[in-house]
1. If Asp29 meets every condition in (1) farther than 17 Å from Leu128 by Cα; (2) out of contact with any Leu (no Cβ under 6 Å at 6 or more places or on another chain); (3) touching a residue at least 60 places away in the same chain (Cβ under 8 Å) apart from one, which number is that one?
2. Mind listing whichever residues of the stretch 48-61 are touching an Asp or Glu at 6+ places or on another chain (Cβ under 8 Å) and surrounded by fewer than 24 Cβ atoms within 10 Å (Cβ to Cβ)?
3. For the stretch 34-54, give me each residue that is out of contact with any helix residue (DSSP H, G or I) (no Cβ under 8 Å at 6 or more places or on another chain), outside any strand (DSSP E or B) and either among the aromatic types (Phe, Trp, Tyr) or without any contact (Cβ under 8 Å) to a residue 24 or more places away in the chain (or both).
4. Looking only at residues that are in a loop (DSSP other than H, G, I, E, B) and in contact with a helix residue (DSSP H, G or I) (Cβ under 9 Å, 6 or more places away or on another chain) in the stretch 140-175, which one is farthest from Gly92 (Cα to Cα)?
5. What's the number of the only condition in (1) under 19 Å from the mean Cα position of the chain (by Cα); (2) exposed (fewer than 14 other Cβ atoms within 10 Å of the Cβ); (3) under 15 Å from Phe36 (Cα atoms) that Asn175 fails to meet?
Amino acid sequence: MMKRAIALLGVISALTLSAHANIVDFDNDPGAGYQFYYPGGANQIVLDDVGRSLPGGALIKQINIAFFNANQTAVDATLYVYDATGASGGVGNLLHTATIQNIPNGLSQLQFGTPNIGGGQQNLWIGLAASAAQAGMVLSPNPNPTVGTSQDVFARDQNGNGSIDANEYVYFGGNPVANFAIEVLAVPEPASMVALGAGLAGLLGLRRRARK
């Protein structure tokens, strides 16, 4: 039954990703080759498990999610970020939420700036709730992330109570793999920034000496 719930994207297959100089902490968005999106239902939270690559859970600067709106009118999408708790690593505490409004028809990459969240959290659940049906996250054409890890499972608030219950973890029977097109960018480690600062100071010093 869950297989019928995913929708074909059709001819839309490419998405231009913005350039950035941040550290990629998780990446399952190749930017092209999309085939399906998941319309979770109006205001129903859909989350994917995100195993981050950086040890210790660096602070998160930005989260990008591929999103498809099949409606002819604009919709809103609200980001939800939860930690993973317990032995099973299920959806735990809400860490952050933010909303992007007036998303037009078609395929978009939603870019959420985050206030340095997720410190010390190696595993997270990240996803969206759309304000209307027939809109939702795009599934990645890759079965596995190129950076980080993700299991073949996702969570959906099917009863609309605003939380994920024990029976609300689902998948598509492996076809496609239940991994969404999500990218997580982390803040550089302080040591890296100190090294960059020292290098810049050295260059300035060389320039000063050259002027003499």
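1. So Asp29 meets the others, but not (1).
2. As a first pass, look at the stretch 48-61 and keep what is touching an Asp or Glu at 6+ places or on another chain (Cβ under 8 Å): 52-54, 58, 60.
If the condition is that a residue be touching an Asp or Glu at 6+ places or on another chain (Cβ under 8 Å) and surrounded by fewer than 24 Cβ atoms within 10 Å (Cβ to Cβ), then Arg52, Ser53, Leu54, Ala58 are the ones that fit.
3. Step one: list which residues in the stretch 34-54 are out of contact with any helix residue (DSSP H, G or I) (no Cβ under 8 Å at 6 or more places or on another chain), which gives 34-37, 40-54.
Subsequent filtering for residues that are outside any strand (DSSP E or B) retains 34-35, 40-45, 52-54.
Result: Tyr34, single match.
4. The qualifying residue farthest from Gly92 (Cα to Cα) is Asn175.
5. Every condition holds for Asn175 apart from (1).
Okay, residues lined up against (1) in a strand (DSSP E or B); (2) modelled with pLDDT of 95 or more; (3) touching a Ser or Thr at 6+ places or on another chain (Cβ under 6 Å):
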| site | (1), (2), (3) |
| --- | --- |
| Ser18 | no, no, no |
| Phe26 | yes, yes, no |
| Thr78 | yes, yes, yes |
| Gly92 | yes, no, yes |
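The values are calculated or read from the model by the stated rules, or taken from the named source; none is laboratory data. This structure is a prediction, so every number in the text was calculated from the model and none was measured. Note that each Cβ is placed from the backbone with ideal geometry, even for glycine, and that neighbours are counted across all protein chains shown.
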